[in-house]
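Visitor: Here's a structure for you.
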Amino acid sequence: MITVDELLFFDSHRDALALYEAFREAVLAKVPDTRIEVKKTQISFFDGRMFAAVSFAPVRKAKDRPKPFLTITFGLSYRKESLRIDVATEPYPNRWTHHVMIGTVEEFDEELLAWIVEAAEFAKNKK
């Protein structure tokens, strides 16, 4: 069940709440032991360690952003190659952070969810 803190995170972005709810439900179905933590600028997903986050990070120019939108962030040991990935950075050797901006519930497909599950496994096995 969605928490008050999660709802408050979307206070000024009510139109993106349905996107978050779909993402949240899909992640919890795939990674059932997930713990959700709401921060000021993002909602983080943990299974031991953080493996994904949602935010309103502007990873595209304003004119190219869907309305509404969410930015999904996840980490892997390598750079995932896909046109769907807006930004990928390597903050540490062999630790890549990927950002995917979505604007519709349909974008939470099996490909994106597979990346999230892979990120959860990577985070769980990180040393």
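The values are calculated or read from the model by the stated rules, or taken from the named source; none is laboratory data. Note that this is a predicted model, so its numbers are computed, not measured. Neighbour counts are summed over all protein chains in view; Cβ atoms, including those assigned to glycine, are modelled from backbone coordinates with ideal geometry.
Visitor: Residue check, Leu70 against (1) within 16 Å of Ala123 (Cα to Cα); (2) under 13 Å from the mean Cα position of the chain (by Cα), all met but one. Which one?
Guide: Condition not satisfied by Leu70: (1).
Visitor: Something else now. List the pairs whose first member sits in segment 1-19 and is without any contact (Cβ under 8 Å) to a residue 60 or more places away in the chain and farther than 15 Å from Glu37 by Cβ, whose second member is assigned to a loop (DSSP other than H, G, I, E, B) and among the aromatic types (Phe, Trp, Tyr), and whose Cβ atoms are under 8 Å apart, counting only residues at least 6 apart or on separate chains?
Guide: Listed pairs, sorted by first residue: His13/Phe56; Ala16/Phe10; Ala16/Phe56; Ala16/Phe69; Leu17/Phe10.
Visitor: Does segment 84-102 contain at least one residue that is crowded, with 16+ Cβ neighbours inside 10 Å and in a helix (DSSP H, G or I)?
Guide: no
Visitor: Then there's this: Is it the case, given these coordinates, that Ala22 is touching a Ser or Thr at 6+ places or on another chain (Cβ under 7 Å), in contact (Cβ under 8 Å) with a residue 60 or more places away in the chain and within 18 Å of His99 (Cα to Cα)?
Guide: Here the answer is no, as Ala22 does not meet what is asked.
Visitor: Just need a number here: residues in segment 40-78 that are in contact with a His (Cβ under 8 Å, 6 or more places away or on another chain) and over 25 Å from Asp15 (Cα atoms). Steps first, please.
Guide: First, pick out the residues of segment 40-78 that are in contact with a His (Cβ under 8 Å, 6 or more places away or on another chain): 56-57, 59, 68, 71-76.
Right, trim to over 25 Å from Asp15 (Cα atoms) and you get 75-76.
Matching residues across segment 40-78 total 2.
Visitor: Name the single residue that is farthest from Pro68 (Cα to Cα) among those in segment 1-24 being surrounded by 13 or more Cβ atoms within 10 Å (Cβ to Cβ) and of a type in the set (Asp, Glu).
Guide: Glu6
Visitor: Right, here's the next one. Cβ-Cβ below 6 Å, separation at least six or inter-chain, first residue in segment 57-86 and without any contact (Cβ under 8 Å) to a residue 12 or more places away in the chain, second surrounded by 15 or more Cβ atoms within 10 Å (Cβ to Cβ): which pairs?
Guide: No pair meets every condition.
Visitor: For Lys39, indicate whether it is surrounded by fewer than 14 Cβ atoms within 10 Å (Cβ to Cβ) and among the charged types (D, E, K, R).
Guide: yes
Visitor: Those residues that are among the hydrophobic types (A, V, I, L, M, F, W, C), at pLDDT below 95 and either part of a loop (DSSP other than H, G, I, E, B) or farther than 18 Å from Gly48 by Cβ (or both), I need them from segment 106-127; list them, please.
Guide: Selection gives Phe108 alone.
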